[in-house]
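*Asks:* Shown below is the structure under consideration.
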Amino acid sequence: MSDSYVSARKRMVAQQLAARGIFDRRVLAAMRRVPRHLFVPDEARDRAYDDNPLPIGQSQTISQPYIVARMTELLALHGDEKVLEVGTGSGYQAAVLARLAGEVFTIERHADLAGRAAATLRKLGFDNVEVIHADGSGGWPPHAPYDAILVAAAAPNVPAPLVDQLADGGRLVLPVGDRRQQALVRVFRRGEEMERETFTPVAFVPLRGEHGWNK
C-alpha cells in the first residue's frame, strides 16, 4: 500500500475527525485502516482523503469522512452487533461498519453500484458484509431485527419499517429533512418506546423508494 495513502489517511483522522470531536477510539481506528481511496473512481483517488464528499456515479456520492465517522459514532457499536445499512453507494461506510460490528447487511437500489461495492468489499476481505440489490427504504425484513441501522440518504420522515426492524435497545441513525438540508436523527428503541434525538445539520442525496422520496 502506498505510503502516501497511509499518511493521508492518518492526517484525515487527526485533522478532520479527532480535531472536530470524534472521540470513539474504535471508530477512529477503523477509519485509519479502511482504504477510502479504493472505494472512489480512479480519477478521484488523489482526492479520496479530502474533507468533502465525492461523486461515485448514478448521481450518488461517497460521504465526507467526518459524516461517515459521526454517523458511525452515533450508532455506539461494541463489536458483535447485526447492522443494516441503507444506501451502500461505494461500500466505504459498510467497510467501516464491518470493522466495528459482527455482521453487516447493506442495501443499494442501483445494480451497478451494488455490484461494484460487493466486488471491492470482497477483494478487501470483508467477509462479514452482504450486499443486497433492492429498495432499502423499507429496510430488509429477512434478517431483522437489527441492533443498529444506518441510512446514508435523506428521508422526509423516519421510515416506520426501519423503526419496526430495530431490536430492543437498537439505534437508528439517518438524515431527516427536505431535499436541500437535513439533520442527523438518532432513534433509540426501548421496548415499545422510541427516543428521538437530533444532531448535526447535513446535506444528503434523497432516499428513493416506497418509504422515501418517490420522485
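*Asks:* Average the reciprocal distances over every distinct pair of alpha-carbons in the range 1-133, invert the result, and give the Kirkwood radius in Å.
*Replies:* By the Kirkwood definition, the hydrodynamic radius is 14.7 Å.
*Asks:* For the chain, modelled as a GNM with alpha-carbon contacts under 10 angstrom, which of G57, G138, G191 fluctuates the most?
*Replies:* Comparing G57, G138, G191 in the GNM, the peak value goes to G191.
*Asks:* Roughly how many debye, to the nearest 20, is the charge dipole of the chain about its Cα centre, given +1 on each Lys and Arg Cβ, -1 on each Asp and Glu Cβ, and no other charges?
*Replies:* It comes to approximately 700 debye.
*Asks:* Determine, from the Cβ-Cβ distance of Q58 and A183 and an R0 of 25 Å, the FRET efficiency 1/(1 + (r/R0)^6), rounded to the nearest 0.05.
*Replies:* That gives a FRET efficiency of 0.50.
*Asks:* Select from A134, V151, A98 the residue farthest towards the positive end of the dipole of the range 88-151; place +1 on Cβ of Lys and Arg, -1 on Cβ of Asp and Glu, and compute about the Cα centre.
*Replies:* Looking along the dipole axis, the top candidate is A98.
*Asks:* To continue, here is another question. So what's the back-of-envelope 222 nm ellipticity for the chain, counting only DSSP H runs of four-plus at -39500 (n - 2.57) apiece and dividing by all residues, rounded to 500?
*Replies:* Helices in the chain give a 222 nm mean residue ellipticity of -7000 deg cm²/dmol.
*Asks:* Right, here's the next one. Residue by residue through the range 194-210, what is 3J(HN,Hα) from phi via Karplus (6.51 cos²θ - 1.76 cosθ + 1.60, θ = phi - 60°)? Round to whole Hz and write x for glycine and proline.
*Replies:* 10, 10, 10, 10, 10, 10, 4, x, 9, 9, 10, 5, x, 7, 8, x, 4
*Asks:* Tell me the Rg and the Dmax, in Å, that the Cα atoms of the range 51-202 produce.
*Replies:* According to the Cα coordinates of the range 51-202, Rg and Dmax are 14.1, 41 Å.
*Asks:* Next up: Looking only at GluC sites (Glu not before Pro) in DSSP loops with at most 14 other Cβ atoms within 10 Å, what is the longest site-free stretch of the chain?
*Replies:* In the chain, the maximal stretch lacking such sites is 1-191.
*Asks:* Of all chymotrypsin sites (Phe, Trp or Tyr not before Pro) in the range 104-188, which ones are in loop regions per DSSP and have a Cβ with at most 15 other Cβ atoms within 10 Å?
*Replies:* Answer by residue number: there is no such site.
*Asks:* Whole-Hz Karplus ³J(HN,Hα) for the range 69-80, in order, using 6.51 cos²θ - 1.76 cosθ + 1.60 and θ = phi - 60°, x for Gly and Pro?
*Replies:* For the range 69-80, the Karplus curve yields 5, 5, 5, 5, 4, 5, 6, 6, 7, 10, x, 10 Hz.
*Asks:* Suppose we keep just the DSSP beta bridges with both residues in the range 78-197; what percent of those would be antiparallel, to 5?
*Replies:* Looking only at bridges with both residues in the range 78-197, the antiparallel portion is about 40 percent.
*Asks:* Just report the Cα centroid separation between the range 190-207 and the range 74-107, whole Å.
*Replies:* When both Cα centres are located, 17 Å separates them.
*Asks:* Between D50 and H143, with labels modelled 7 Å along Cα→Cβ, what's the label distance in nm to one decimal, could you check?
*Replies:* Result for the modelled spin labels: 3.3 nm.
*Asks:* In addition: Would you mind calculating the gained length between R122 and A134 on full extension (0.36 nm times residue separation, minus the Cα-Cα distance), in nm to one decimal?
*Replies:* Once the chain is fully extended between R122 and A134, it gains 2.4 nm.
*Asks:* For E43 paired with A111, estimate the spin-label separation in nm (one decimal), with each label point 7 Å from Cα along the Cα-to-Cβ line.
*Replies:* Reported label-point gap for E43 and A111 is 2.5 nm.
*Asks:* Using a Förster radius of 30 Å, what is the FRET efficiency between F199 and D164 based on their Cβ-Cβ separation? Nearest 0.05, please.
*Replies:* With R0 = 30 Å, the Cβ-Cβ based efficiency is 0.85.
Rule-based calculations on the coordinates, nothing more; no lab input. Everything numeric here is computed off the predicted structure, so don't read it as measured data. No Cβ is skipped: glycine too gets one built from the backbone with ideal geometry, and neighbour counts run over all protein chains shown.
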